[in-house]
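Coordinate-derived values only; no laboratory data. Source: prediction; values computed, not measured. Methodologically, a virtual Cβ is constructed for each residue, glycine included, from the backbone with ideal geometry; neighbour enumeration extends over all protein chains shown.
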């Protein structure tokens, strides 16, 4: 997986970025980003 994205993950966790935006910046596939969030215990947003 690509390098950490602390700013983008912070914005995602505050629901200011959608699921796809930080995923694309990280260069990850959908399921890789789900795993990435899970490893960091960040919940997925379903809104």
Within the stretch 6-27, tally of residues that are assigned to a loop (DSSP other than H, G, I, E, B) and within 8 Å of the chain's Cα centre (by Cα): 1
Output for the stretch 28-47, where each listed residue is in a loop (DSSP other than H, G, I, E, B) and exposed (fewer than 12 other Cβ atoms within 10 Å of the Cβ): 29, 40, 41, 43, 44, 46, 47
